[in-house]
Amino acid sequence: MTKVITYGTYDLLHYGHIKLLERAKALGDYLIVGVTADDFDRTRGKINVQQTLMERVEAVRQTGIADEIIVEEYEGQKIDDIKKYGVDIFTVGSDWRGKFDYLNEFCKVVYLDRTQGISSSEIRASKSELRLGIVGESSVINKFVRESSYVNGIKIIGICSNNKNCESNVFEKIKLITDDYHLLIENVDAVYVVSHPTRHYSDVKEALLKGKHVLCESPVSLSVSETEELYSLAQSKGLILVDAIKTAYSTAYTRMILLAKSGKIGDIVSVDSVCTSLRDIDYSNSDQLGRVWNSISSWGPTALLPIFQLLGEKPDSTRIISRIGNKEHSYDEFTKLSFEYAAAVASAKVGKGVKSEGELIISGTKGYIYVPAPWWKTDYFEIRFENERENKRYFYQLEGEGIRNEIVSFLRLIEHKGIRTISESLSIAISGIMEDFHTGKTVKELK
Ligand code: CTP
């Protein structure tokens, strides 16, 4: 019996795929089809594959051509599969010609002519693209524009910004550069709000009232009532409002949270996160009230993320201690947030005028998780135990600091697919901490 194997993504299965599968089958008696898992595919630079792995496997199954379907999960798996299944022929389309010659050592390699005029990418592109506008001044705009180019189905068509932090080549590629937010909104389907946090509420509200979806850099607003109002406005209009904390979308971070929740380190007793960056503060880049991105609004949402995700969004008590660098600009150089829960404690230290080790430590009754600095953009973490031989290291590819996945997740929600990574209640809880800080509740100032 001649065994044949072939691999592919098979997103939005089309006749090019079917013809390939038929010809692959005809090369032998038994056909194994490897369907690429989402994460593996992302490492090849394809993102926003439209269908889930299960949907793609199901579509291949329904063709009735494959005798066996497997999932391709890691680089180097092909050699393992060829040996494991006793494969005689490896085949793929001619777009891969030459790329798999190294497999000749293990079996025969055949490249089949690709069917002209059709591909998953073209089908995806023919679906209408989401036209996105950006409002704000943060330097994250540069990264965001760059990362959006890796995602299918989105086009950034306008920026409303005072220009200061944007790289000139970013502006070159964007059609509409304006300081008129109304004009921007008129021309887009969705807005990424990265303006000063004091403007988030009005910027988000205006976009929602005009029927546009919103991705808003966290915090969504500086008070619980305003954030709640915005989420209910979005819901009443059938629009998507998403809180954007890029770390929440990084693969290493999400796996780490799952492992912590699975009981690997026993009961979680303490979560301690530190996020700092020492940079000159540009007071000229302040909002109308003279406020700059202070430490709590720049770093607070990220530092709070693991605490609220692991211990819950409603601590029994909260205490905030700040070193205020500039009162007039409401600028905290450093803030320590301490939380008490019934069975755990947590702390978050944030600073833009104080430097520290940006690590995350989750302490449990059996061991602890250590995420080295800068933990908010890590591809690596460790689970450590008393007996260090039991320690485990985890590594996951980090693409675009999480921004790429954040954009994909936003698109999926707009298409009514997928679930929220940052729940509304988490987003509201973050706004609550901002409110505590700005109203002076639970805040102590260091001399
Ligand atoms: N294939 C083919 N003819 C096409 C499209 C794909 O023969 N018109 C083959 C590929 O060469 C590969 C298999 O089908 O062996 C699975 O391809 P896949 O990458 O999943 O599909 P594409 O349509 O090429 O996807 P994309 O546009 O995302 O690259």
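Annotations
- Solvent-accessible ranking of ARG384, ARG319, largest area first, probe 1.4 Å: ARG319, ARG384
- Shown for the chain: the carbon plus sulfur share of the solvent-accessible area, taken with all protein chains present and a 1.4 angstrom probe, equals 48%.
- Gyration tensor (alpha-carbon) shape descriptor, segment 96-201, a/c threshold 1.5: prolate
- With R₀ fixed at 45 Å, the C-beta to C-beta distance from SER232 to LYS108 puts the FRET efficiency at about 0.15.
- Taking amide H as placed 1.01 Å from N in the peptide plane, ILE154 has its amide H under 5 Å from the amide H of LEU130, each at least 5 places away in sequence or on another chain.
- Mean separation of Cα pairs under 8 Å and 6 or more residues apart, divided by the residue count, gives the chain a relative contact order of 13 percent.
- Computed E for LYS441/THR365 - FRET, C-beta separation, R0 45 angstrom, nearest 0.05: 0.85
- Within the full protein context, the accessible area of THR198 is estimated at about 40 Å² for a probe radius of 1.4 Å.
- Additional length obtainable on full extension of the chain from ALA26 to SER262, 0.36 nm per residue less Cα span: 80.4 nm
- Proximal lysines relative to LYS212, as straight alpha-carbon distance under 28 Å, when same-chain residues fewer than 8 apart are discounted: LYS46, LYS127, LYS143, LYS155, LYS164, LYS173, LYS175, LYS237, LYS246, LYS417
- Counting only heavy atoms of the protein chains and using a 1.4 Å probe, ASP179 has close to 140 Å² of accessible surface.
- Evaluating 6.51 cos²θ - 1.76 cosθ + 1.60 at θ = phi - 60° for every residue in segment 350-356, the Karplus couplings come out as 10, x, 10, x, 9, 10, 8 Hz, glycine and proline recorded as x.
- Modelled FRET efficiency - R0 25 Å, PHE100 with HIS416, Cβ distances, 0.05 increments: 0.10
- In this label model, ASN142 and GLU357 are separated by 3.0 nm, measuring between points 7 Å along each Cα→Cβ vector.
- Cut-off under 5 Å, modelled amide H: who pairs with ILE70 long-range: VAL33, GLY34, VAL35
- With both labels modelled 7 Å from their Cα along Cα-to-Cβ, the LYS314 to ASP179 distance reads 4.6 nm.
- HIS17 accessible area, 1.4 Å probe, all protein chains in place, Å² to nearest 10: 30
- Counting every C-alpha pair in segment 153-232, the share spaced more than 17 angstrom apart comes to 46%.
The values are calculated or read from the model by the stated rules, or taken from the named source; none is laboratory data. Keep in mind the model is a prediction, meaning the values are calculated, not measured. As a convention, Cβ positions derive from the backbone with ideal geometry for all residues, glycine included, and neighbour counts pool all protein chains shown. These area figures cover heavy atoms from the full protein model, side chains too; ligands, DNA and RNA do not enter into them. Shrake-Rupley method; radii C 1.70, N 1.55, O 1.52, S 1.80 Å.
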